[in-house]
Amino acid sequence: MIKDETEFNKNILIAVDESENASRAVSYVGQMLAGVLGFKVIVLHVISQPEEDFFSTAAEKDTWLGQYKLKVDAMLKNYRKRLIGDGIEPQDVSVRSRLRYCPSLTECILAERSQMNCSTIVVGRQGISRSEEFLFGSVSSKIVNHARDCTVWVVE
């Protein structure tokens, strides 16, 4: 819930990955905001910094990160293109990928939301079973439970 109307802005953060659920979240925002002026949409993918001992050499880590970053950039470019195709003005859609050490992906997404001053977070529902969600939790559930002073849209 937004505490004070002066804190509300029309910045929307869509946290994405390569999943079908993230793709549906992007489509939902595109359909909801098509032709509506005043909103800024930021499409975010957090690249979780691998543990130091995950790769045997620094060069191996750098190669992996470079290849993964190219893949992420292509995904984000595609999401941006879809939002513009849905009718959102090009200057109102930006993409961002961040390499961060993430003890929890949820914490990283919420930190990015705070840093970018977004009043709304949009995520796709994670495609896991109820028992897996109970045991491990899902990013979307954790965002709903831990987000403060913003609105959260979870897209099925």
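The values are calculated or read from the model by the stated rules, or taken from the named source; none is laboratory data. Computed from a prediction, not measured in an experiment: that's the story for all the values here. Here the Cβ positions follow ideal geometry from the backbone for every residue, glycine too, while neighbour counts run over all protein chains shown. In case anyone asks, the SASA skips ligands and DNA or RNA and just uses the protein heavy atoms, side chains included. Shrake-Rupley method; radii C 1.70, N 1.55, O 1.52, S 1.80 Å.
A few notes on this one:
For (1) among the small types (Gly, Ala, Ser); (2) at pLDDT below 95, each residue gets a yes or a no:
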{"residue": "LYS10", "(1), (2)": "no, yes"}
{"residue": "ILE42", "(1), (2)": "no, no"}
{"residue": "SER56", "(1), (2)": "yes, yes"}
{"residue": "TRP64", "(1), (2)": "no, yes"}
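- PHE55 vs. criteria surrounded by 17 or more Cβ atoms within 10 Å (Cβ to Cβ), over 15 Å from TYR79 (Cα atoms), touching a Lys or Arg at 6+ places or on another chain (Cβ under 8 Å) and not acidic (Asp, Glu): no
- Some residue of the stretch 31-42 being buried (at least 18 other Cβ atoms within 10 Å of the Cβ) and touching a Pro at 6+ places or on another chain (Cβ under 9 Å): no
- When the stretch 19-30 is limited to residues that are closer than 22 Å to MET116 by Cα and not small (Gly, Ala, Ser), the one that is most open to solvent (accessible area, probe 1.4 Å) turns out to be TYR28.
- All positions within the stretch 90-108 that are crowded, with 16+ Cβ neighbours inside 10 Å and part of a helix (DSSP H, G or I): ASP92, LEU105, THR106, CYS108
- Meets criteria (at pLDDT below 90, in contact with a Ser or Thr (Cβ under 9 Å, 6 or more places away or on another chain) and surrounded by 14 or more Cβ atoms within 10 Å (Cβ to Cβ)) for ARG125: yes
- Any chance GLY87 is over 16 Å from the mean Cα position of the chain (by Cα) and open to solvent by less than 60 Å² (accessible area, probe 1.4 Å): yes
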